Every structure is written in structure tokens, then in C-alpha cells.
Amino acid sequence: MMLTDIVKHLIKSDSIGVISHVVPDGDALGSSRALGLALEKMGKRVIIIKNDQTPQKYNFLPGVHLVVESDSAPFNADTLAVLDCGDIERLGSGILHFKKAGTVLNIDHHISNTMFGNLNIVDANAAATAEIIYQVIKLMGVTVDLDIATCLFTAIAADTGCFRYDSTTSVTHSIAGEMISIGVKSNSICNGIFNTRTYQQTKMLGKAIESIKLFHEGRTAVMSISKAVMHKAGCGQEDLEGIIEFARDIKGVEVAALIRETETGDIKVGLRSNEYVDTSAIAAFFSGGGHKKASGYTVNSSMEDAEFMLLEQIKKKYR
Ligand SMILES: [Mn+2]
């Protein structure tokens, strides 16, 4: 499968729906908006399907006029572009659109991607799906304006921890550099994504940090957040993005986990590693997925059992 096949298909499509995963992050939102805006510039009928809440800190992203609620989306588009989504379960209620779509384009960078599309481009070397979307937009012949550049830059900054993660390559920087030359304000976007939090989120962060426990001679750090703690802080799951990094950043830690209770009582586990542990393999053991150094899964158990089962699996990965 070539990128040009995807591009050819988009060029011949008249109407396109763009969708990404639930609990959207900066890459999901930025990639979708960038592609949506580019297709609009080509004169296509395009909607961006919203299947979950947008975290407030991403409200500045352009392209809101293309966004339609998943349930009310008047979707009879010939093509559905699914972005930054490792498997179709992550579409949430958006799965309806997947079932109805004529042609599904799967554009992603998760190593665990299940190749669910009719056309699939999965590049695990891309630091963000937005890096692939950048190529798509260029190949479609669309000029990147400030709105599109803002979306692409935000997506890349979000998925690379503002160019700190080792997924960051010279390609990442050259795309970001081009976006800055178009007028994107790097400093305000990076600070807005990573260094700005509400009072409630700050209190929540305090509770999360307080919960950290170390295992395996200090190589594993586990952070846990119950539903009760979230409610008390007045926070929702969208307020937890990036919180796991405070566990991963502890000196000597190789694997960090965030174990949290969802509204439905399921347990969601997020994993990060620093050097060599492939967390996507641990997540896969529990039917989840992701990247080598960032992944996750959901289990139906108590928080204590989830922690116990997880620690067993992490232990096996140490040299
Ligand atoms: Mn991504």
C-alpha cells in the first residue's frame, strides 16, 4: 500500500467523513482538523465526526465549523478516513459510521494497528499521525495555510511531548519548522498543551502524585486514581492527559502505569516506558495496544487486581 493510493482515492472522492478515537488527544484532533480543512480547500464535501468530548485546552484549534456530533452526522459520504486509531473499538459510538462507509481509509502510526481499512497506511516510525497527514496534504496539492499549520503543529507537539520523546526525528522537526515559518506560535501552543492546567486539574495532579508507589527495586511506578478521587476533584477523564508522565519521570523508573477507574467501573491502564521495555506487548497481553513506549488497555476487575496482574507482566520484561 502506497500513500499515493490513499491520496488518489481522496482526490476522486466527493464526500468524506473524518473520524478519530474516543478520549481524543492532540494528534487525533489536530490530524482530523488538518485533513478536514485541506479537503474543504479542495472543494470536497467534508465533515469531521465528533464521537467524544474535546478537552478544553484544544478549543483553539481551527476547523470547528466542520465538526458534527456523531449521532447527528448526516453521513452519506463515500469515504471515511479513520485517523490515529489502532483498532475500530477505539471509535466508540463512531463505529456506526465505520459500518456504513463505502471505503474506509486507515491512516495511523500505532504499531499495534489491526489494518481494519480498505486502504491502510500505518507508519510506526511517524511520531504522530499528523506527520502522515502532512504528506497527504502535500501530495493532494493543497497549500498549507496558517489554520492547517496550527492543526498539524499541535498534533505533532502533543504526540512528541513538544519534541522530547525519542519518536521525534529530523522529519518531525522539519515539518514543525515549516509550520513555524507559516506563522504558528510554537511557544504558546507547547505551553498551552503541557504547562497549563486548571485549579481542579492541579489538585487532581496532587492526588495522583500522592498515590504513586514503586515496585521492582524502583523500576516500576504505579499511579492510581479512583472514581471517587476524580469526582472529589471535579475532574473527568479528559483531565488526565499527560498525568502519567509524573510517574515516568521519576529517576530510576523504567515502566510507569496509571490505573484508573472509569465511570462505568471498568479499569483503564495507561503505560509508559523510558528505555527498553516494549509496553505495547504488555498492553497486548491484556487485549490493548499502542506504541512501544506508550500504550494502554482496559480490564474488568478491581483496581487492586488490575495492579497485581499488571505487576506480574511488567516483571517479566526486565532484563
Ligand atoms: Mn497519535
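The values are calculated or read from the model by the stated rules, or taken from the named source; none is laboratory data. These numbers were taken from a predicted model, which means no experiment stands behind them. We place every Cβ from the backbone using ideal geometry, glycine too, and count neighbours over all the protein chains shown. These area figures cover heavy atoms from the full protein model, side chains too; ligands, DNA and RNA do not enter into them. Shrake-Rupley method; radii C 1.70, N 1.55, O 1.52, S 1.80 Å.
For the range 199-315, the equivalent ellipsoid built from the Cα gyration tensor has semi-axes of 21, 16, 12 Å, listed from largest to smallest. For Lys317, a cut-off of 22 angstrom between C-alpha atoms picks up these lysines, skipping any fewer than 8 places away in its own chain: Lys213, Lys251, Lys268, Lys292, Lys293. Could you work out what % of the accessible surface of the chain is carbon and sulfur, using a 1.4 angstrom probe and leaving DNA, RNA and ligands out of the count? Carbon and sulfur atoms account for 52 percent of the accessible area of the chain. By the Cβ rule of 4.7 Å, the chain holds the following cysteines without a possible disulfide partner: Cys85, Cys151, Cys235.
Ranked by the mean number of other Cβ atoms within 10 Å per residue, highest first, peptides 150-159, 88-97, 52-61 order as 150-159, 88-97, 52-61. Structure remark: mean-square fluctuation, Gaussian network model of the chain, C-alpha springs under 10 Å; the largest value among His173, His110, His231 belongs to His231.
In what sequence, highest mean first, do 23-34, 180-191, 134-145 appear when ranked by Cβ atoms within 10 angstrom?
Working: 23-34: 27.5, 180-191: 14.2, 134-145: 18.3.
Output ranking for 23-34, 180-191, 134-145: 23-34, 134-145, 180-191.
For the chain, the longest principal axis of the C-alpha atoms and the axis of helix 129-139 are separated by about 10°. In the chain, Cα pairs under 8 Å separated by at least six residues give a relative contact order of 13 percent. The convex hull of the Cα atoms of the range 1-129, projected and averaged over all directions, covers 7.2 nm².
Label-to-label distance, Leu311 versus Lys8, with points set 7 angstrom from Cα along the beta-carbon direction: 5.5 nm.
The GNM of the chain, with springs linking C-alpha atoms under 10 angstrom apart, assigns the highest mean-square fluctuation among Ser287, Ser20, Ser70 to Ser287.
Judged by the mean number of other Cβ atoms found within 10 Å, the most tightly packed of the peptides 254-261, 300-307 leads the ranking 254-261, 300-307.
Given the Cα-Cα distance of Glu245 and Asp71 and 0.36 nm per residue of separation, how much length would full extension add, in nm?
Length difference between fully extended and current span is 59.2 nm.
Basic side chains Lys and Arg get +1 at the Cβ, acidic Asp and Glu get -1 at the Cβ, and with that the dipole of the range 185-319 about its Cα centre reaches some 360 debye. Site pair Glu89 and Asp266 shows an inter-label distance of 0.7 nm when each label is modelled 7 Å from Cα along Cα→Cβ. Rounded to two decimals, the Cα radius of gyration of the range 91-236 over 2.2 N^0.38 Å is 1.31. Charge dipole (Cα centre; +1 on Lys/Arg Cβ, -1 on Asp/Glu Cβ; no other charges) of the chain amounts to roughly 280 debye. With a Cα cut-off of under 18 Å and a minimum spacing of 8 residues unless on different chains, the lysine pairs in the range 3-194 number 11.
Once the Cα atoms are used to define both axes, helix 3-12 deviates from the longest principal axis of the chain by about 50 degrees. Taking label positions 7 Å along the Cα-Cβ direction at both Glu275 and His231, the computed distance is 4.3 nm, reported to one decimal.
A straight line joining the Cα centroids of the range 78-120 and the range 1-69 runs 13 Å.
Quote the relative contact order of the range 179-319 in percent (integer), defining contacts as alpha-carbon pairs under 8 Å separated by 6+ residues. Over the range 179-319, the number comes to 16 percent.
The alpha carbon gyration tensor of the chain gives principal lengths a ≥ b ≥ c with a/c of 1.5 or higher and a/b greater than b/c, which makes the shape prolate. Computed from Cα positions, the angle between helix 26-41 and the longest principal axis of the chain comes to roughly 0 degrees.
Here's the picture: charge each Lys and Arg Cβ at +1 and each Asp and Glu Cβ at -1 in the range 3-194, and of Phe98, His173, Leu61 the one pushed furthest to the positive end of that dipole is Leu61. With n ≥ 4 as the cut-off for DSSP H runs, can you work out [θ] at 222 nm for the chain, using -39500 (n - 2.57) per run divided by the number of residues, rounded to the nearest 500? Result for the chain, helices only: -11500 deg cm²/dmol.
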